[in-house]
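The values are calculated or read from the model by the stated rules, or taken from the named source; none is laboratory data. Predicted model only: the values in this text are computed from it and were never measured. No Cβ is skipped: glycine too gets one built from the backbone with ideal geometry, and neighbour counts run over all protein chains shown.
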Amino acid sequence: MTTTINDYDEIVRRHQNEPPVQIVPIANDMGLNVYRVSDWKDTLSGMIVRDKERGGKSGYAIFVNASHAQTRRRFTIAHELAHYALHGNLIGDGIKDDALYRSGLSSKVEAQANRYAADILMPWHLVNNLLRKGEEDTEKLARIFNVSRSAMSIRLGVPYEVS
């Protein structure tokens, strides 16, 4: 039986009960294993590759730069999961994403992966629940969801100011 985007969406939803959304269990439930790599250049954020030995049930594994901040690693994993769920036909033997999430795929494909990654880590139902309770501080929301301030600012559509 072929797995559809709706099947992946359902897996993701099962993990979106409270922030921060736990990304590695989502990957595992999608059939992917996740590994941290400590000897990469800072310019490489992550990749998804076909790997018979280290891949999960799907045959794919996600590798993420261990030297990056935890919030960055979480978004990278979500971004690679998005490629798997949305662009499985484009992965081939693998996709490498640099520090700006550029992989050689079209900017439209990368934008889709970034949006889906944001949907995974910062689902609107959880964000809106906090906003309704009066929590509007972008930095605090970023901490609650364990994402970067810039990711939360983009999600909320508010300007991101570097301090």
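A few notes on this one:
- Sole residue being out of contact with any Cys (no Cβ under 9 Å at 6 or more places or on another chain) and either farther than 25 Å from Met152 by Cβ or surrounded by 18 or more Cβ atoms within 10 Å (Cβ to Cβ) (or both), chosen from Thr43, Thr71: Thr71
- Any hit, the stretch 139-158, residues being exposed (fewer than 13 other Cβ atoms within 10 Å of the Cβ), of a type in the set (Gly, Ala, Ser) and either modelled with pLDDT under 95 or not in a helix (DSSP H, G or I) (or both): yes
- Neighbours by Cβ (under 7 Å, 6+ apart or cross-chain): first from the stretch 109-133, farther than 13 Å from Asp9 by Cβ; second part of a helix (DSSP H, G or I) and basic (Lys, Arg): Ala118/Arg155; Leu121/Arg74; Met122/Arg155; Val127/Arg155
- No other residue among Arg50, Arg54, Arg36 is touching a strand residue (DSSP E or B) at 6+ places or on another chain (Cβ under 9 Å), modelled with pLDDT of 95 or more and of a type outside the set (A, V, I, L, M, F, W, C) apart from Arg36.
- Checking each residue in the stretch 51-79 for being at positive phi and among the aliphatic types (A, V, I, L, M) picks out no residue at all.
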